[in-house]
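**Q** Take this structure, written in structure tokens, and hold onto it; I'll ask about it next.
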Amino acid sequence: MATRGIPGGNVYTEDDAGYDPWTMKQGRLLLLAVLVGSAYAQVPASKEVEAVYPEAHALYLNLHENPELSSHEIHTAAKLAGRLRDAGYEVTEHVGGTGVVAILKNGAGPTVMLRTELDALPVEEKTGLAYASKVHSKDDAGRDVPVAHACGHDLHMAAIVATATIMAHSKDTWHGTLMLIGQPAEETIGGAKGMLEDGLFKRFPKPDVVVALHVDNELPAGAVGITPGVYNTNADSLKTTIYGTGGHGSAPQTAVDPIVIAARTILALQTIVSREVKPGEMAVVTVGYIQAGTKNNIIPDHAELGLTVRTRKTEVRQQVLAAIARITKAEAEAAGAPRPPLIDHYEGTDLVYNDPALAKRLREVLEAALGRENIVITEPITPSEDFSYFTEQGIPGFYFSLGGADPEKFAQAKAAGTTLPSNHSPLFAPDVDPALHTGIAAEVAVLRGLLK
């Protein structure tokens, strides 16, 4: 996941009815930023959270220093499995690859699933933290890449282990079956699908509700964001290979230059959203990489583009994907390419939808646990993730946001009109205390609210 898309960068609640969040006056925004920045920092942690926090924090540091790439989370999964087993859960490893499933039964009642992710990103950490990742690893293409938990999954894992411990030690506060999931490969949109294909809801109880959280810097640490209904976007990943005819860089007339075709294609693709999609509809087309050539005086015989596409409506999704194919093929044909481009639609996921009734119910639960002033109603975001695979099994879902920004820095950034490092940035690092405290308290409250 990446940065949260709150309109105009504003944080607002339902109490702002009558004010358009896109046009609220700047003075009120600055005052609100200062108030929320100071208020969220004062959320007290309960004794049961404090009791498990030292181990949770130590686990966070360990995970942060030792990240693993998607589908390669061998040691990460083993750490999670070991701690959940020690807490009294029945643990199964290697579900859908490196996935972990932990079950704790506590009498009659509903089955509730809480998910965390296991994987890190091929990002070089530049936070300057004493515990910053210095790990390098081979990616699936055999390239040596830096690896870092630049999306907060380490905090998610530390929180779920602490939550699991609290729930195991307080069985008198809930009834039913608690199902904890350590999901691999969220960043490559393959882990949830892989676990389901490996019989997640056939080998184990099918949950009545699925829950997850995600930390970001768009709310201050101590805050929790709730988005009823549509939470994020559909995602489609495309790898496009444009073919040319190689030759000497000094004699371009003897070749068909795929780099020039790629450049034209990239520019033309940007007209899809601006000129083909109806104004007001959500759509993003981003070319994240272009790879071509080996030397400055050699025209290569192919160029590769990597695209990410984000939409919300099915018809817009189909329209954008069709336009990408049309434009890419037309640019190649116009340049006299020797063969049509190859477009590989290699991964995708549908948007996450929060059941409105469930969101309303759990909002009340979270307000009671954390304080009404610390629960924020937020707009849908533009990033995507594969939690939707679980809800598409006919299960109501609740996916909420955990504030990760240092409250003082958050208030200063809002006042200055700047932004803090987003998820996937080499500078992203949540303010662990109070973010981890809040994450644990929020998860425990949600689980108890559902396992009555």
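The values are calculated or read from the model by the stated rules, or taken from the named source; none is laboratory data. Just so it is clear, the structure is predicted and the values come from calculations on it, not from any experiment. Positions of Cβ are generated from backbone atoms using ideal geometry, with glycine treated the same way; all protein chains shown enter the neighbour counts.
**Q** Can you name the residue in the range 102-137 that is in contact with a Lys or Arg (Cβ under 8 Å, 6 or more places away or on another chain) and part of a strand (DSSP E or B) and, of all such residues, is surrounded by the fewest Cβ atoms within 10 Å (Cβ to Cβ)?
**A** Asn106
**Q** Output the number of residues of the range 329-362 satisfying the condition of being assigned by TED's automatic domain parsing to the domain that holds Glu304 and among the basic types (Lys, Arg).
**A** Of the residues in the range 329-362, 2 are assigned by TED's automatic domain parsing to the domain that holds Glu304 and among the basic types (Lys, Arg).
**Q** Okay, next question. Hey, among Arg310, Arg275, Arg326, which residue is of a type outside the set (Gly, Ala, Ser), buried (at least 17 other Cβ atoms within 10 Å of the Cβ) and either outside any strand (DSSP E or B) or not assigned by TED's automatic domain parsing to the domain that holds Tyr389 (or both)?
**A** The conditions single out Arg310.
**Q** Shifting gears a bit: Please state which one of Gly394, Gly371, Gly449 is surrounded by fewer than 23 Cβ atoms within 10 Å (Cβ to Cβ) and without any contact (Cβ under 8 Å) to a residue 40 or more places away in the chain.
**A** Answer to the check: Gly394.
**Q** Of the conditions (1) at pLDDT 95 or above; (2) touching a helix residue (DSSP H, G or I) at 6+ places or on another chain (Cβ under 9 Å), Lys414 satisfies every one except a single condition; which number is it?
**A** Lys414 satisfies every listed condition except (1).
**Q** Out of the range 84-101, which residues are without any contact (Cβ under 8 Å) to a residue 60 or more places away in the chain and out of contact with any strand residue (DSSP E or B) (no Cβ under 8 Å at 6 or more places or on another chain)?
**A** Asp86, His94
**Q** Ok, one more. Residues that are under 30 Å from Leu129 (Cβ atoms): which strands (runs of 3 or more DSSP E) entirely in the range 341-452 hold 2 or more of them?
**A** 375-377, 397-405
**Q** Has the range 147-164 got at least one residue that is over 25 Å from the mean Cα position of the chain (by Cα) and either hydrophobic (A, V, I, L, M, F, W, C) or buried (at least 24 other Cβ atoms within 10 Å of the Cβ) (or both)?
**A** Checked against the condition, which is being over 25 Å from the mean Cα position of the chain (by Cα) and either hydrophobic (A, V, I, L, M, F, W, C) or buried (at least 24 other Cβ atoms within 10 Å of the Cβ) (or both), the range 147-164 yields no hits at all.
**Q** Inside the range 182-205, can you point out the residues that are in a loop (DSSP other than H, G, I, E, B) and either of a type in the set (Gly, Ala, Ser) or not assigned by TED's automatic domain parsing to the domain that holds His424 (or both)?
**A** Ala185, Gly190, Gly199
**Q** Every residue in the range 162-176 that is part of a helix (DSSP H, G or I) and farther than 11 Å from Leu114 by Cα, please.
**A** Within the range 162-176, Ala162, Thr165, Ile166, Met167, Ala168, Lys171, Asp172, Thr173 qualify.
**Q** The conditions are (1) in a strand (DSSP E or B); (2) farther than 25 Å from Ser388 by Cβ; (3) in contact with a Phe, Trp or Tyr (Cβ under 8 Å, 6 or more places away or on another chain), and Met179 fails exactly one of them. Which is it?
**A** Answer for Met179: the failing condition is (2).
**Q** Filter the range 56-71 for residues that are in contact with an Asp or Glu (Cβ under 8 Å, 6 or more places away or on another chain) and hydrophobic (A, V, I, L, M, F, W, C); which is surrounded by the most Cβ atoms within 10 Å (Cβ to Cβ)?
**A** So the residue we want is Leu63.
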